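In what follows, a structure is listed as structure tokens, so that the remarks can point back to it.
The values are calculated or read from the model by the stated rules, or taken from the named source; none is laboratory data. Everything quoted here is computed from the prediction, not taken from an experiment. Please note: Cβ atoms are built from the backbone with ideal geometry, for glycine as well, and neighbour counts cover all protein chains shown. With ligands, DNA and RNA removed, areas are computed over all heavy atoms of the protein, side chains included. Shrake-Rupley method; radii C 1.70, N 1.55, O 1.52, S 1.80 Å.
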Amino acid sequence: MKSIKILHMYADMLDLYGDGGNMEIMKYRCAKRGIECQVDSYSINSPKPDFSSYDLIYIGGGADLEQQHISEDLMKCREGIMKAYKSGTFQFLICGGYQLMGKFYRDADGNEIKGLGLFDYHTVAPSSRKLRCIGNIVIRAELDGKSVDIVGFENHGGQTKGVKTPFGKVLCGNGNCASSEFEGYFEKNVIATYLHGPCLSKNPEVSDYMISYCVNRGASEKITLQPLDDKLENDCRKVMLDRLLK
Amino acid sequence: MKRLQILIGKIIVKLLRLMHRNAGNLPGIVLWHLSRHKAVSMFKVDCPIIAITGTNGKTSVTNCIAQLFEKSGKKLIINREGNNLDTGICSLLLRHCDMKGRVKADLLVLETDESHVPVVYSQLKLDTLVVLNFFRDQLDRNGEMETLIQKINGFCKTFEGNLILNGNDPNTARLGKANPKNKNVKYFTAERYQFATDTIFEASEGRFCPFCGETLTYDYYQYSHIGKFRCPKCGFGDYTPYITASSIDLEKPVFTADGHAYSPRLNSIYNVYNMTAVAAVAKLYNIDQKITDEVISKYTVKNGRMENFMLGDRKATLNLAKNPVGANMTLRVMNEMNGEKELLFVLNDNVADGLDVSWIWDINFSIFERVTRVVTSGTRAYDIAVRIKCSGYDPAKIVVKPDLDEAVEELARTEGRKFVIANYTAVQPTRSALKRYSEKHGGGSK
């Protein structure tokens, strides 16, 4: 039986907006296919795990206060995470997790929180806390050569700049900055995005892209995932696409 | 100028009344604009004001506190319909003031939205503020929890009146330290009840000490992050409660507070906390014990809060759940009941609900016991269906019916006990749909 190992970082602190649901969905979609999916948690002051032993590292979004709490701890994990990323561990990053992997995050009061610097974008929050990008969002991304419309909910003050390889093109909503053309950050083994909802709930292709990536790491032959009955998920997305794009 | 503004406001109230419209908010909005956002300061209030705020339970507690005083023969002004923003409170005062803006009453009891506490009570002198709890609620509207608590904390820094706080909610109890000079801080708490747990059961906010950042330790969790907590580093949480509910037995249901036994009608731990807050106010204002007994033992709720309906010969219980805590509580009540049952979940994403429905992923559906079928409805019927499916529930037993009447028909098609959960804007349409079914097929509101 194939198995994948996920490290869910700061699950107890960064679990705003139902982002914990993403792990429930990953487990669910793996279980349906007989793939063992082990999700370990790591939080502040836990012993440092061997980051490279994981197929995927997941960090969700949190309130500003919690984000400050973890940034210090995250810096201590820098080398381990960097090494894992370079050796092919998938990085799945939502909102705060997305921001913290960049060069820095400057909050509304001008305080700079150092990012991990895995990627060379940075994020600046507008000085007024009232200016936030909030609402339903649709982006068009390309996953394994296929165009996919992804629906989620964005809620962020931070404006992320300097992204060279975005996750998707914004069809409705704001994206990386207010009214921007693109959303998120993407590499073959990185999906970083502002999409909550949780992100995977209506977009099975995104979950499957990551599961497929993970099970194929080091596989001698390409493993194709067994298709699942996604009628509810697809109907769910269709309702939103019809509402937002028509 | 002030008189003119009040006159205009009063005329609008009269006109709306003549048109048989509810003057709940509109006059206040007009006055708010006319007065450059200082509408509440138009009024002169000489009597004491009691305000009730918090995420869950405001309406219940406000009504009970009002009854304490009404039964004591006081003349009250109260926003019973829950128009709890500054504009709503302004409309209420407009209806009760004279042309000089003087408000005549013995007491004002005002349910107040969490985010509006500072703005309203920087303009009106407050005698007592009751804070029930802070949970995740409509995050995209209220902003993150911390911002909200900071706002109220800022107000509490200079507040010297009575502050009645839920001592088992760290998010609320921390307000007690905002103004070290305030000698009138009082905590209400509840001892462990039969379904309390040793570890946290549901997603929650505030796991860290707001003063030193240390992880809080808990003797027990009643629900969500409500429980007996303490900071092992700085001692936050060490205080003598003003009043404590003990000997809680939800089967009967009974509880004891201040050595006095109460028999409420509602059998939830929420209600115990709400009624303990009511008992705290009664104690503070020396209400006759007989009156307090009567209020607490008779209090029951309509308007979709554990409201029963008969669908033909099938009993259905409807409960409002506008956040995960509310939904988790309903699921617990449902689970604690023997026998098979079916659930209808109605989920809307209108502006008043908060446009973001991801909070449903913080509901713990994996605890489902003897739930034989689920029907989903509302503008986000599919979202809740996907959520329940991914918790491991058999998708073949989930029926999606976005149309409410069809959903109720579907629910009532089979025999057995029914539960209905609806979020904020879904509650009234759901009640209506349940009533329509009863009118057509027999049954009714019970």
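Filter region A:94-125 down to the residues that are within 14 Å of chain B (Cβ to nearest Cβ), in a loop (DSSP other than H, G, I, E, B) and surrounded by 16 or more Cβ atoms within 10 Å (Cβ to Cβ) and list them by number.
A:95, A:107, A:108, A:125
Does region A:160-170 contain at least one residue that is away from chain B (no Cβ under 14 Å), more than 17 Å from residue A:13 (Cβ to Cβ), open to solvent by less than 40 Å² (accessible area, probe 1.4 Å) and of a type in the set (Phe, Trp, Tyr)?
yes
Just to be sure I understand, how many residues within region B:43-68 are closer than 25 Å to residue B:224 by Cα, open to solvent by 10 Å² or more (accessible area, probe 1.4 Å) and assigned to a loop (DSSP other than H, G, I, E, B)?
The total comes to 2.
So the check is Cβ under 6 Å with 6+ separation or different chains; which pairs have a first residue in region B:384-398 that's facing another protein chain (nearest Cβ under 7 Å) and a second one that's not in a helix (DSSP H, G or I)?
B:385/B:376; B:385/B:398; B:385/B:400; B:386/A:201
Table: residues versus (1) at pLDDT 90 or above; (2) within 14 Å of another protein chain (Cβ to nearest Cβ); (3) in contact with a strand residue (DSSP E or B) (Cβ under 6 Å, 6 or more places away or on another chain).
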{"residue": "B:146", "(1), (2), (3)": "no, yes, no"}
{"residue": "B:162", "(1), (2), (3)": "yes, no, yes"}
{"residue": "B:165", "(1), (2), (3)": "yes, no, yes"}
{"residue": "B:184", "(1), (2), (3)": "yes, no, yes"}
{"residue": "B:192", "(1), (2), (3)": "yes, no, yes"}
{"residue": "B:195", "(1), (2), (3)": "no, no, no"}
{"residue": "B:225", "(1), (2), (3)": "no, yes, no"}
{"residue": "B:233", "(1), (2), (3)": "yes, yes, no"}
{"residue": "B:243", "(1), (2), (3)": "yes, no, yes"}
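In region B:327-362, how many residues are within 11 Å of chain A (Cβ to nearest Cβ), open to solvent by less than 10 Å² (accessible area, probe 1.4 Å) and not in a loop (DSSP other than H, G, I, E, B)?
2
To keep it simple, each residue is scored yes or no on (1) within 16 Å of the chain's Cα centre (by Cα); (2) at pLDDT 95 or above; (3) under 21 Å from residue B:68 (Cα atoms); (4) hydroxyl-bearing (Ser, Thr, Tyr).
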{"site": "B:265", "(1), (2), (3), (4)": "no, no, yes, no"}
{"site": "B:281", "(1), (2), (3), (4)": "no, yes, yes, no"}
{"site": "B:289", "(1), (2), (3), (4)": "no, yes, yes, no"}
{"site": "B:301", "(1), (2), (3), (4)": "yes, no, yes, no"}
{"site": "B:312", "(1), (2), (3), (4)": "no, no, no, no"}
{"site": "B:317", "(1), (2), (3), (4)": "no, no, no, yes"}
{"site": "B:322", "(1), (2), (3), (4)": "yes, no, no, no"}
{"site": "B:330", "(1), (2), (3), (4)": "yes, no, no, yes"}
{"site": "B:341", "(1), (2), (3), (4)": "no, no, no, no"}
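Can residue B:160 be described as charged (D, E, K, R) and within 18 Å of residue B:51 (Cβ to Cβ)?
In short, yes.
Spot the failing condition for residue B:229; the list is (1) more than 14 Å from chain A (Cβ to nearest Cβ); (2) open to solvent by 10 Å² or more (accessible area, probe 1.4 Å); (3) of a type outside the set (A, V, I, L, M); (4) not in a helix (DSSP H, G or I), and only one is missed.
All conditions are met except number (2).
Quick one: which of B:92, B:129, B:108 is within 23 Å of residue B:172 (Cβ to Cβ), surrounded by 21 or more Cβ atoms within 10 Å (Cβ to Cβ) and more than 16 Å from the chain's Cα centre (by Cα)?
Result of the check over B:92, B:129, B:108: B:108.
Go through (1) away from chain B (no Cβ under 14 Å); (2) assigned to a helix (DSSP H, G or I); (3) surrounded by fewer than 22 Cβ atoms within 10 Å (Cβ to Cβ) one by one and return the number of the condition residue A:72 breaks.
Going through the list (1) away from chain B (no Cβ under 14 Å); (2) assigned to a helix (DSSP H, G or I); (3) surrounded by fewer than 22 Cβ atoms within 10 Å (Cβ to Cβ), residue A:72 breaks only (1).
Quick one: in region B:363-382, which of the residues that are surrounded by 24 or more Cβ atoms within 10 Å (Cβ to Cβ) and assigned to a helix (DSSP H, G or I) is nearest to the other protein chains (Cβ to nearest Cβ)?
Filtering region B:363-382 for residues that are surrounded by 24 or more Cβ atoms within 10 Å (Cβ to Cβ) and assigned to a helix (DSSP H, G or I), the one nearest to the other protein chains (Cβ to nearest Cβ) comes out as B:382.
How many residues does region B:258-286 hold that are in contact (Cβ under 8 Å) with a residue 12 or more places away in the chain, surrounded by fewer than 20 Cβ atoms within 10 Å (Cβ to Cβ) and not polar (S, T, N, Q)?
Total meeting the criteria: 8.
Out of (1) away from chain B (no Cβ under 14 Å); (2) open to solvent by less than 30 Å² (accessible area, probe 1.4 Å); (3) among the polar types (S, T, N, Q), what's the single condition that is false for residue A:201?
(1)
Does region B:406-427 hold any residues that are within 23 Å of the chain's Cα centre (by Cα) and part of a strand (DSSP E or B), and which are they?
Across region B:406-427, the qualifying residues are B:419, B:420, B:421, B:422.
Give region B:232-263 a look and list any residue that's among the aliphatic types (A, V, I, L, M) and either more than 22 Å from the chain's Cα centre (by Cα) or outside any strand (DSSP E or B) (or both), or say none.
B:250, B:261
Could you count how many residues in region A:27-60 are facing chain B (nearest Cβ under 10 Å) and either β-branched (Val, Ile, Thr) or under 24 Å from residue A:83 (Cα atoms) (or both)?
Residues that pass the stated criteria total 3.
Need pairs with beta-carbon distance below 7 Å; first residue free of Cβ contacts under 8 Å to residues at least 40 places away in the same chain and within region B:101-124, second outside any loop (DSSP other than H, G, I, E, B) and of a type in the set (Asp, Glu); sequence gap 6+ or separate chains.
B:116/B:86
Could you tell me whether any residue of region A:219-241 is hydroxyl-bearing (Ser, Thr, Tyr) and touching a strand residue (DSSP E or B) at 6+ places or on another chain (Cβ under 6 Å)?
No, region A:219-241 has no match at all.
What residue, among those in region A:127-142 that are more than 14 Å from chain B (Cβ to nearest Cβ) and surrounded by fewer than 20 Cβ atoms within 10 Å (Cβ to Cβ), is farthest from residue A:207 (Cα to Cα)?
Among residues in region A:127-142 that are more than 14 Å from chain B (Cβ to nearest Cβ) and surrounded by fewer than 20 Cβ atoms within 10 Å (Cβ to Cβ), the one farthest from residue A:207 (Cα to Cα) is A:127.
Kindly indicate whether any position in region A:83-93 is in a helix (DSSP H, G or I), without any contact (Cβ under 8 Å) to a residue 60 or more places away in the chain, out of contact with any helix residue (DSSP H, G or I) (no Cβ under 6 Å at 6 or more places or on another chain) and open to solvent by 20 Å² or more (accessible area, probe 1.4 Å).
yes
Give the number of residues within region A:208-224 that are modelled with pLDDT under 95, open to solvent by less than 70 Å² (accessible area, probe 1.4 Å) and either in contact with a helix residue (DSSP H, G or I) (Cβ under 8 Å, 6 or more places away or on another chain) or within 14 Å of chain B (Cβ to nearest Cβ) (or both).
So the answer is 1.
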